[in-house]
Amino acid sequence: MSNLYSLKAQLPAVFISKSQIESRVNTLAEEIKDFYLSQDDFDNESIIVIGVLKGAFIFTADLIRALKLPTQLEFVRIASYGDSTKSDGILNIPDLVLPNNIINKHILIVEDIVDTGKTAGFLKQYIQDQFNPKSLKLASLLSKPSRREVEIEPDFYGFEIEDKFVIGYGLDFGERYRELDYLGILNES
Ligand code: IMP
């Protein structure tokens with residue numbers, strides 16, 4: 001019992017709560033759905049949703065269920081952070097294998113956070129070049145505009161935040177905290 005108690009005491013402080021996330025994911029899904037339903041060439045075909053691992057895995061899972069449109073789910077893995085809170089700017093691309101049946105479709109990239117914008121910028125360009133999509137949109141749970149180095153903005157985002165390192169709801173620090181059901185701020189003390 002005492003171990004459980006001390007574990008709980010060490011949990012990061014809540015920055016964006018579970019219920020705030022839930023409600024924003026639902027309204028965001030409505031915005032995204034409205035966009036697709038307003039497209040003349042959207043014939044209720046599957047939207048190709050490409051989640052960016054690992055950080056966006058929980059957001060992607062919640063978003064596709066809230067979207068209530070047919071989707072084909074794919075994942076890519078791109079990592080630019082090691083165990084630190086600042087990107088070294090080097091994109092590590094261990095797995096960017098996507099199937100050929102996503103050529104010329106409506107594609108939605110799902111990110112956890114757009115920080116410098118390097119990851120999203122690279123991925124958007126790559127997908128545009130390789131798959132000639134009917135539409136290509138970027139949805140991100142979080143956006144940190146003050147850190148932007150690449151000119152890119154998410155088409156849809158959940159929350160705009162200041163330059164703070166956040167964890168939980170899929171986001172990690174050194175592979176920890178992804179399982180938290182809320183977003184917290186890393187206490188580096
Ligand atoms: P960017 O390429 O600099 O935009 O960063 C993209 C990736 O860095 C994100 O997909 C995250 O995985 C990671 N990242 C950036 N900021 C944070 C943060 O505050 N917490 C956790 N991961 C972050």
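The values are calculated or read from the model by the stated rules, or taken from the named source; none is laboratory data. Note that the structure is predicted; figures quoted are calculated from it, not measured. Note that we place each Cβ from the backbone using ideal geometry, even for glycine, and neighbour counts take in every protein chain shown. Remember, those area values only see protein heavy atoms, side chains included, never the ligands or the DNA or RNA. Shrake-Rupley method; radii C 1.70, N 1.55, O 1.52, S 1.80 Å.
Quick check, is S143 surrounded by 13 or more Cβ atoms within 10 Å (Cβ to Cβ), more than 13 Å from the ligand (Cβ to nearest atom), touching a residue at least 12 places away in the same chain (Cβ under 8 Å) and within 17 Å of I32 (Cα to Cα)? No; evaluated as a whole, the condition is false for this residue. A single member of F131, F159, F122 is within 14 Å of the chain's Cα centre (by Cα) and not small (G, A, S), and it is F159.
In the set (1) open to solvent by less than 30 Å² (accessible area, probe 1.4 Å); (2) touching a helix residue (DSSP H, G or I) at 6+ places or on another chain (Cβ under 6 Å), the condition left unmet by G168 is number (2).
Could you tell me whether region 15-30 includes any residue that is assigned to a loop (DSSP other than H, G, I, E, B) and either at pLDDT 90 or above or touching a helix residue (DSSP H, G or I) at 6+ places or on another chain (Cβ under 7 Å) (or both)? Break it down stepwise before answering.
Residues of region 15-30 that are assigned to a loop (DSSP other than H, G, I, E, B), as a first pass: 17.
Next cut, either at pLDDT 90 or above or touching a helix residue (DSSP H, G or I) at 6+ places or on another chain (Cβ under 7 Å) (or both) only: 17.
Yes.
Considering every residue within region 37-57, establish whether at least one is open to solvent by less than 40 Å² (accessible area, probe 1.4 Å), part of a helix (DSSP H, G or I) and either modelled with pLDDT of 95 or more or of a type in the set (D, E, K, R) (or both). The answer is no, given that none of the residues of region 37-57 is open to solvent by less than 40 Å² (accessible area, probe 1.4 Å), part of a helix (DSSP H, G or I) and either modelled with pLDDT of 95 or more or of a type in the set (D, E, K, R) (or both). When region 153-173 is filtered for residues that are touching an Asp or Glu at 6+ places or on another chain (Cβ under 8 Å) and more than 7 Å from the ligand (Cβ to nearest atom), the ones remaining, listed by number, are P154, F156, G168, Y169, G170. Taking every residue in region 159-177 that is closer than 18 Å to E22 by Cβ and pairing it with any residue that is charged (D, E, K, R) and assigned to a strand (DSSP E or B), at least 6 positions away or on another chain, the pairs with Cβ-Cβ distances below 6 Å are G170/D112; L171/D112.
Residues of region 174-189 being buried (at least 17 other Cβ atoms within 10 Å of the Cβ) and within 11 Å of the ligand (Cβ to nearest atom), which ones?
Let us first name the residues in region 174-189 that are buried (at least 17 other Cβ atoms within 10 Å of the Cβ), namely 177-178, 180, 182-184, 186.
Across region 174-189, the qualifying residues are Y177, R178, L183, G184, L186.
Restricting attention to region 97-135, which residues are aliphatic (A, V, I, L, M), more than 16 Å from R77 (Cβ to Cβ) and open to solvent by less than 70 Å² (accessible area, probe 1.4 Å)? Break it down stepwise before answering.
Looking only at region 97-135, we keep the residues that are aliphatic (A, V, I, L, M), and these are 97-98, 102-103, 107-110, 113-114, 120, 123, 127.
Then keep just the ones that are more than 16 Å from R77 (Cβ to Cβ); that gives 102-103, 107-108, 114.
Answer for region 97-135, where residues must be aliphatic (A, V, I, L, M), more than 16 Å from R77 (Cβ to Cβ) and open to solvent by less than 70 Å² (accessible area, probe 1.4 Å): I102, I107, L108, V114.
Look at (1) more than 20 Å from R176 (Cβ to Cβ); (2) within 16 Å of the ligand (Cβ to nearest atom) and you find that K68 fails only one, number (2).
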